[in-house]
Structures are given as C-alpha cells and as structure tokens.
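The next block holds one structure in the form of structure tokens; read it before the comments.
The values are calculated or read from the model by the stated rules, or taken from the named source; none is laboratory data. No experiment lies behind these values; they were computed from the predicted model shown. Backbone-built Cβ (ideal geometry, glycine too); neighbour counts: all protein chains shown.
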Amino acid sequence: MDPHSRGFFLDWDHVADDQVGALRAQAGRDPRDKALSDLIGELSTRSDEFVARWARQNVRLHRPPANGCTTEWSATSSSPATHSSCSVTT
C-alpha cells in the first residue's frame, strides 16, 4: 500500500503476487486467525490492486534453497467450484 514500495522492488508485480499468495496460503492454513482476517479486510477496502490480486486465487510459496536446490510451487483455481491445479518446479 506504500507507493514508494514500487521503486524499492525491481520486479514489483512478482513480489506483490508472491506476497498476496503468501497471505492467501496463511489464510488457508488458519482461517480463524482474526488478525489476518482483519488485515485482509483492510487491504481489500483500501487497495483495488490487492482486491484484483486476491481474486486471482493464486497461492505461491517459495522454499529456501536446500543443498543448492530451490523448490517453488503454485496452485491456482478460477473459482472454488472448479478444479484446482498444482505445478512444482525444482
């Protein structure tokens, strides 16, 4: 939400997608987390860009390197009623 953050990150769109995906992943792990629900609610009311990214329903997690290998995975779904897909890259 800070307008200066766009200049700080070289790949703003990727960083923003990852952060929203991380929020969505955490919300899925603990749907009763009131503080997280409040944060998502605040972001939703103050940022149209957040709303658009949240609506994509992307979940992205980047795992730290282990023995020189990096694992990144993402899962997307066009709606809760349709199928889900998961891709893994190593």
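Things worth noting here:
- Flag for residue 43 being among the aliphatic types (A, V, I, L, M), in a helix (DSSP H, G or I) and in contact (Cβ under 8 Å) with a residue 40 or more places away in the chain: yes
- Across the stretch 20-46, the qualifying residues are those that are closer than 17 Å to residue 2 by Cβ and surrounded by 15 or more Cβ atoms within 10 Å (Cβ to Cβ), and the one among them that is modelled with the highest pLDDT is 43.
- Matching residues in the stretch 47-73 - criterion: being at pLDDT 75 or above and under 13 Å from the mean Cα position of the chain (by Cα): 49, 50, 51, 52, 53, 54, 55, 56, 57, 58
- Being touching a residue at least 24 places away in the same chain (Cβ under 8 Å), in a helix (DSSP H, G or I) and among the hydrophobic types (A, V, I, L, M, F, W, C) is true of residue 20.
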